Amino acid sequence: MKRKFGVALLLAVIGTSVFAHSDKESVTPADGAVLDNVPETLEMRFNEGMRLTKVEMTHADTHVETLDLGAQSGFVKEFSLPLVQMGSGLYQIEWRGLGVDGHPMTGSFSFEVK
């Protein structure tokens with residue numbers, strides 16, 4: 001009985017890690033940050049490999065800019081994307097991508113520039 005339980009537990013742990021989604025670990029600037037200046041780059045870090053397919057930046061609910069994803073090669077955990085300088089106001093970032101596990105992923109965050 002102990003052996004069956006041990007095997008079941010092992011399979012559950014392996015299955016969980018195999019099918020785990022790629023999650024956003026951090027972004028810079030941080031979600032909700034209030035900054036004095038627009039940073040030159042947007043940094044995104046994921047816990048597993050990710051292939052970004054689109055990142056859009058909306059400034060003050062009026063102007064939408066698609067950010068340059070560069071020449072991605074495969075699935076990576078860290079991205080550094082150049083930001084377009086649009087002055088003070090609220091910046092909303094929306095991203096889409098494909099996790100290394102094959103699942104489509106989306107997310108959003110925002111920061112403000114005084």
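For region 68-83, taking the residues that are more than 17 Å from Asp23 (Cβ to Cβ) and touching a Phe, Trp or Tyr at 6+ places or on another chain (Cβ under 9 Å), the one that is surrounded by the most Cβ atoms within 10 Å (Cβ to Cβ) is identified as Leu83.
Of the strands (runs of 3 or more DSSP E) lying entirely inside region 49-111, those containing at least 3 residues that are over 16 Å from Pro29 (Cβ atoms) and under 16 Å from the mean Cα position of the chain (by Cα) are 89-99. When residues in region 59-99 are screened for being of a type in the set (A, V, I, L, M, F, W, C) and either touching a residue at least 60 places away in the same chain (Cβ under 8 Å) or within 15 Å of Met44 (Cβ to Cβ) (or both), 10 of them pass. If you filter region 51-66 down to residues that are among the polar types (S, T, N, Q) and surrounded by 14 or more Cβ atoms within 10 Å (Cβ to Cβ), you find that the one that is nearest to Phe111 (Cα to Cα) is Thr58.
Name the residue, out of Gly102, Gly107, that is small (Gly, Ala, Ser) and either in contact (Cβ under 8 Å) with a residue 12 or more places away in the chain or touching a His at 6+ places or on another chain (Cβ under 9 Å) (or both).
After ruling out the rest, the residue left standing is Gly107.
For region 1-37, the set of residues classified as more than 23 Å from Gly97 (Cβ to Cβ) and at pLDDT 95 or above consists of Val34, Leu35, Asp36, Asn37, listed by residue number.
The values are calculated or read from the model by the stated rules, or taken from the named source; none is laboratory data. Quantities reported herein were computed from a predicted structural model and do not represent experimental measurements. A quick note on method: Cβ atoms are made from the backbone with ideal geometry, for glycine too, and the neighbour counts reach across all protein chains shown.
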